[in-house]
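The values are calculated or read from the model by the stated rules, or taken from the named source; none is laboratory data. Not measured: the values here are computed from a predicted model. Every residue, glycine as well, gets a Cβ built from its backbone with ideal geometry; the counts of neighbours run over all protein chains shown.
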Amino acid sequence: MRNSQLLYTANSVCVLIMSSVLLGAFYFQFGLQENPCPLCLLQRMGMLGVIVGLSLNTYFGFKSEHVAVVLISALAGVTFSIRQVLLHICPVLGEPTGYGMPILGMHLYSWGVVIFGASILGVALFSFVLENEPPETSRTPSVFEKRAFYFASFLCFANIIATLAECHLGPCCENGPCL
């Protein structure tokens, strides 16, 4: 496998990893009936932005604009995640210490910090590797890359529909539907 093809495959694997995180969020939302809070939805939007930037890399080649979409989305997402972590570090006496059920000892928003941090580190590493790669004139994505792209596109669309179903066209309420 050529070095550039390896980069595209790694990029598509990253798309699938981020998509699996969103699938996990869907499981919490629909399987465990834990509706996401507004900060959770903003973190999902950050993940969708990372997926869009990575998908642009897959279909149109690695460009600094696509890397910037990933970086800006990951920075926004980590900001929302850190904000939510800080809200739950020192809760008000008598209130629960976290939002939702923890996974491996950490809540989803704490995992968000880790995931977005890994995205920022990953895009930095991709940038270093891409400096040494010659630009490709034309390229057709592989079957694996196309499937990862279509799966991520479906998941992004499903996320938009789920958010509209929960929030309609107005603001999302903290716990349950607005009255």
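For the stretch 10-60, how many residues are among the hydroxyl-bearing types (S, T, Y) and crowded, with 16+ Cβ neighbours inside 10 Å? Spell out the reasoning first.
In the first step, residues of the stretch 10-60 are kept if they are among the hydroxyl-bearing types (S, T, Y); the result is 12, 19-20, 27, 55, 58-59.
This time we only want the ones that are crowded, with 16+ Cβ neighbours inside 10 Å, so: 12, 19, 55, 58.
The total comes to 4.
Only residues in the stretch 98-112 that are under 17 Å from Q43 (Cα atoms) count as the first member; pair them with residues that are at pLDDT below 70 and of a type in the set (G, A, S), Cβ under 8 angstrom, at least 6 apart or cross-chain, and list the lot.
H107/G98; H107/G100; L108/G100
Limited to the stretch 1-38, what total is found for residues that are touching a residue at least 12 places away in the same chain (Cβ under 8 Å) and assigned to a loop (DSSP other than H, G, I, E, B)?
Of the residues in that region, 5 qualify.
Among the residues of the stretch 142-179, which ones are of a type in the set (G, A, S) and either modelled with pLDDT under 70 or farther than 29 Å from Q5 by Cβ (or both)? Spell out how you get there, then give the answer.
If we filter the stretch 142-179 for residues that are of a type in the set (G, A, S), which is where we start, we get 142, 148, 152-153, 158, 162, 165, 170, 176.
Result: A158, A162, A165, G170, G176.
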